[in-house]
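None of the figures in this text is laboratory data; all of them are computed from the coordinates on show. Remember, predicted model here, so these are calculated numbers, not experimental data. All Cβ positions, even for glycine, are placed from backbone atoms using ideal geometry, and neighbour counts span all protein chains on display.
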Amino acid sequence: MNTERTEQQKKVVTRFAPSPTGFLHSGTYRTAVFSYLFAKKHGGEFILRIEDTDKERSKKEYEENIIDCLSWLNMSYDKFYRQSENAPRHKEILEKLISDGKAYISKEEAKDGSGVIKEIVRFKNPNRIVSFVDAIRGEIKIDTTDLGDFVIAKNLNEPLFHLAVVVDDADEGVTHIIRGDDHISNTPRHILLYEALDFNVPTYAHLPLVLSEDRTKLSKRKGAQAVTYYRDQGYLPGAILNFITMIGFNDGTEKEIFTLDELIQVFDLEKVQKGGAVFNPVKLDWLNKEHIKLLSDVDFKNHVLSYMSDELKNIAGFEKRIDAILPTIKERIVKFGDIRDMETAGELQYFFMDPSYEPALLLCAEKQRKGKESMTVKDLAPIYEKLKEIISGITEFTPESAKAFIWPYAEEQGRGIVLWALRTALSGKERSPDPFTLVSIFGKEETIRRLDIALQKLNEINP
Ligand code: GLU
């Protein structure tokens, strides 16, 4: 029996306790991520507690946003609480503190100048030095004398943050409070309350603030968007988790790409840096690309499909060619939302249907002929004929093999002209993946067919 209780006492319990007063950005979510990783690392429990006691500023939409983001990040919580639902207990504790002589009701004039007298509850500060060992910063000592008899409730039914947070953490059995270092100055008040209530003081770990790259406070303009923004842009949750963890944390090795399970393995509060946590959006893009590479082929394809419009997916030739263009897409995107942009820019349609372009586009090869006379239909037609001949001889349709066949002719005739002619005929675009890749995707028959269409279009122009 005794051993069982000791085991239970040892169980790590952490919590993420956001106030639903705005969309949380990645800086704030780091608190959630670290609390989650620490609990999972120690086989413990992770709690989500919505601190909604500020009725005016708390909004349902923000609470939903917090829940959606945690679920998208695959950080499941073992228990869920809403601080407002613990109101009877807050009142009971306030009454107990008052009857024990540790707090008192103070009649004070409201600060709004209305002259109204309010009955607020103040904690009787024992005025002493509070010292605690922060799991990240080491020993911290603060003299609480300056705090005076601080306010813990607006009245018996409206507790303030200091009281509610202590009562809830104690009731929910929280053993480790991992939160932003903007709360360091609150911690001595909380410890005094724990002691007054004879509750076990938890371990604190205060995370250094995340800064933007110029070392100023993180803001929306400076990189930190709401987590939902990254979700909607098509970043992978695994990449966001990896990225957020690596802000001010290092496992002591050179490794930078971690899955969630690996993060749980390597995470430890001692490895969290004491300062200088910087949010680097370029690093996030890099990590996202790396996480895209970790997806299985099937997962990758499903992600790609979910970012394409039905209009695109309903093109008759879609099924036939989608698999062939997946590697090119993988190479070109940083996040899946890029696929939407490619489609809007008309950079995907031509893979599945004949490109539509003005015949004059083909002649623009003149631009590539530095200092020479303009390209004419007469110049170009033989180039297309020759390209058809070369393509007919290709045996293996990979970008490398296509290049090996076409390159010598391109060198001889002028790379700019030949590659332009090939690219525009295949894509109808001035810019596209390299023409050898296009040839490998379309294969012999389709490439030749598109070259024939280009020849026909050339004939529409008066030579
Ligand atoms: N609700 C507080 C906040 O959003 C956090 C409280 C805590 O972590 O102790 O800042």
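Some points to look at:
- FRET efficiency for the Ala324 to Thr344 pair, using the beta carbon distance and R₀ = 30 Å, is estimated at 0.85.
- Calculated from backbone phi, Karplus (6.51, -1.76, 1.60) coupling profile of segment 161-168 in Hz, x at Gly/Pro: 2, 4, 6, 4, 5, 5, 4, 5
- For the chain, the longest principal axis of the Cα atoms and the long axis of helix 237-246 meet at an angle of about 60 degrees.
- Straightening the chain between Glu56 and Glu213 buys 53.1 nm, computed as 0.36 nm per residue apart minus the Cα-Cα spacing.
- Helix 377-393 axis, angle to the chain major axis (alpha carbon atoms, nearest 10°): 80
- Applying 1/(1 + (r/R0)^6) with R0 = 22 Å to the Cβ-Cβ distance of Tyr104 and Ile129 gives a FRET efficiency near 0.45.
- Whichever lysines have a C-alpha closer than 26 Å to that of Lys283, once near sequence neighbours (fewer than 8 apart) are set aside: Lys40, Lys41, Lys217, Lys220, Lys222, Lys255, Lys271, Lys274, Lys293, Lys301, Lys330, Lys335
- Built amide H within the under 5 Å cut-off of Arg137, gap 5+: His206
- Cβ-to-Cβ counts within 10 Å put Glu290, Glu139, Glu64 in ascending order as Glu139, Glu64, Glu290, the fewest first.
- Length-normalised contact order for segment 385-432 - Cα pairs under 8 Å, 6+ apart - percent: 23
- Along segment 265-275 the Karplus relation, 6.51 cos²θ - 1.76 cosθ + 1.60 evaluated at θ = phi - 60°, assigns HN-Hα couplings of 4, 8, 5, 7, 5, 5, 8, 7, 6, 6, x Hz to successive residues, with x for each Gly and Pro.
- This ranking places Val121, Val266 by how few other beta-carbon atoms lie within 10 Å of each, fewest first, which gives Val266, Val121.
- Over 29 Å (Cα to Cα) - which of Lys11/Lys60; Lys289/Lys388; Lys55/Lys124; Lys289/Lys403 fall in this group: Lys11/Lys60; Lys289/Lys388
- Each Cα pair under 8 Å and six or more residues apart adds its sequence gap; the mean of these over the residue count of segment 297-370 is a relative contact order of 36 percent.
- Sorting Phe397, Phe442 from the fewest to the most surrounding beta carbons within 10 angstrom yields Phe397, Phe442.
- In this simple spin-label model, placing a label point 7 Å from the Cα along the Cα-to-Cβ direction at both Thr203 and Glu95 gives a separation of 3.7 nm.
- Rounded tilt (10° steps) of 415-427 against the dominant C-alpha axis of the chain: 70
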